[in-house]
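Single-structure report; data block below.
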Amino acid sequence: MLAALRSRTYRRFWLGSLVSNLGLWIQTIALGWLVYDLTHSASWLGTVSFCGNAPTFVLGLVGGAIADRASRRLIMTASLVVLAAGSAALALLTQAGHLTVWHVIAISMLSGAATSLYTPAMHSVVPSLVRPEHLLNAISLNSVQFNIARAVGPALAGLLYGPIGPAGCFALNACGFLGMALVVARLRIPSRPAEAPPPMLRALREGLAYVRRHTVIGPAIFLAAVMSLFGFPYIILLPAVAHGLGLDARGLGYLMACVGGGAVAGGLAMSTLARGGGPRLAVRGTIAFGAVLSSFAVVDSVPATMVVLLLLGALQTVAIAALTTTIQTTVRDGMRGRVMSMVMVIFFGFSTFGGLIAGLIGDRLTVPWALAAGGVATAAVAVVLARSRTFT
């Protein structure tokens with residue numbers, strides 16, 4: 001289950017990522033509370049979130065091309081330093097009493113740009129930190145640490161917000177990013193074969209053509225796009241679900257904890273597999289995810305909703321880990337950064353648009369029915385791919 005952690009290099013990377021992600025979730029919750037205190041407007045919360053994700057659409061693919069032609073260690077270290085600087089700026093402005101929502105938006109966009117460069121480089125580095133037979137285990141354990149942070153970080157933010165204030169929370173996140181930067185700077189990353197990098201635009205075109213022609217990666221990325229667009233918005237609309245059930249903010253926290261707990265369980269289950277199950281597991285996991293999501297049409301109680309969210313968290317992690325492993329084990333190393341950047345754009349960006357679509361449908365029907373429709377669409381596409389022999 002923990003085979004990848006036997007690698008000292010990967011173990012340091014994993015622990016550093018866990019600490020930095022805990023800080024990230026602490027800042028996310030603290031910043032949300034602070035923005036609402038500043039504006040008393042829910043729409044500003046969505047605006048800040050959108051501005052933070054917007055650089056992904058602009059720089060996501062570019063970040064992958066850069067990761068394929070430059071030092072991945074340097075990219076990651078520089079990005080983490082920028083992220084730390086952004087958190088430190090938030091801390092200083094908040095402590096001085098000068099923070100405005102426009103400062104938050106500007107820093108969020110800067111941090112989003114750094115994340116757009118860091119993420120594809122990070123995904124491209126993981127295969128070089130473990131032996132090939134431990135790659136699925138490493139990917140699954142990465143998912144576990146992220147979801148542990150997602151489950152624990154918000155709770156820590158609630159405990160720390162009163163004693164140290166938002167400025168203290170931002171400062172903790174800055175320290176986490178700097179610590180991760182030190183870890184990355186000391187990673188032993190094998191050198192890649194020297195290749196003359198193509199021009200940037202040509203590199204992007206080659207990456208898109210490579211995915212389009214590939215009989216495994218192309219369908220895998222298409223399935224990820226469908227899942228992100230129609231399936232993942234349930235997390236974005238969870239506050240509306242909680243409101244419909246008559247829950248307050250604490251109840252919403254319990255619902256989020258169910259998603260995180262299920263995700264941790266799914267990640268641990270995946271880490272026990274010697275192989276990722278390949279496209280077949282990805283497709284079956286997506287079908288199951290869509291079927292469970294569609295049950296929102298009939299679920300109308302808090303206990304049943306918590307069970308559904310627990311299952312969704314587990315199945316989402318299984319499907320994502322299987323898709324990621326399928327892509328990582330088949331992609332050519334010279335294309336790895338560009339391909340993983342496409343995956344990042346899909347997972348981080350498409351769900352934002354999906355949330356807008358589901359929200360519009362929810363306003364006209366109901367949120368549960370909107371989520372159920374997304375589940376049906378997700379499962380239907382996965383069933384079609386299941387019949388494709390080239391993918392499964």
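The values are calculated or read from the model by the stated rules, or taken from the named source; none is laboratory data. Model, not experiment: these values are computed from the prediction. Virtual Cβ from ideal backbone geometry, glycine too; neighbours counted across all protein chains shown. Note: accessible area is taken over every heavy atom of the protein model, side chains too, but ligands, DNA and RNA are not part of it. Shrake-Rupley method; radii C 1.70, N 1.55, O 1.52, S 1.80 Å.
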Before we move on, is VAL130 within 17 Å of TYR10 (Cβ to Cβ) and in a helix (DSSP H, G or I)?
-> no
Hey, does the range 116-137 have a residue that's in contact with a Gly (Cβ under 6 Å, 6 or more places away or on another chain), touching a residue at least 12 places away in the same chain (Cβ under 8 Å), farther than 28 Å from LEU59 by Cβ and hydrophobic (A, V, I, L, M, F, W, C)?
-> yes
Pull up the range 258-302, narrow it to residues that are within 20 Å of the chain's Cα centre (by Cα) and open to solvent by 50 Å² or more (accessible area, probe 1.4 Å), then point me to the one that is modelled with the highest pLDDT.
-> ALA265
Return the residue satisfying two criteria in turn: it lies in the range 148-167 and is open to solvent by 10 Å² or more (accessible area, probe 1.4 Å) and of a type outside the set (A, V, I, L, M), and of such residues it is nearest to PHE13 (Cα to Cα).
-> ARG150
Considering only the range 207-243, how many residues are over 20 Å from PHE350 (Cβ atoms) and exposed (fewer than 15 other Cβ atoms within 10 Å of the Cβ)?
-> 4
Tell me which residues, restricted to the range 168-180, are within 20 Å of VAL35 (Cα to Cα) and either open to solvent by 30 Å² or more (accessible area, probe 1.4 Å) or aromatic (Phe, Trp, Tyr) (or both).
-> PHE170, ALA171, LEU172
SER191 vs. criteria among the polar types (S, T, N, Q), over 17 Å from PHE13 (Cα atoms), at pLDDT below 80 and out of contact with any strand residue (DSSP E or B) (no Cβ under 9 Å at 6 or more places or on another chain) | yes
Among the helices (runs of 4 or more DSSP H) lying completely within the range 1-119, list those that include at least 1 residues that are farther than 29 Å from ALA269 by Cβ, open to solvent by less than 20 Å² (accessible area, probe 1.4 Å) and at pLDDT 90 or above.
-> 72-96
Which is β-branched (Val, Ile, Thr) and modelled with pLDDT under 75, of THR352, THR329, THR378?
-> THR352
Which residues, taken from the range 136-145, are under 13 Å from ALA314 (Cα atoms) and open to solvent by 20 Å² or more (accessible area, probe 1.4 Å)?
-> SER143
From the option list VAL308, VAL384, single residue qualifying as under 15 Å from ALA225 (Cβ atoms) and without any contact (Cβ under 8 Å) to a residue 40 or more places away in the chain is VAL384
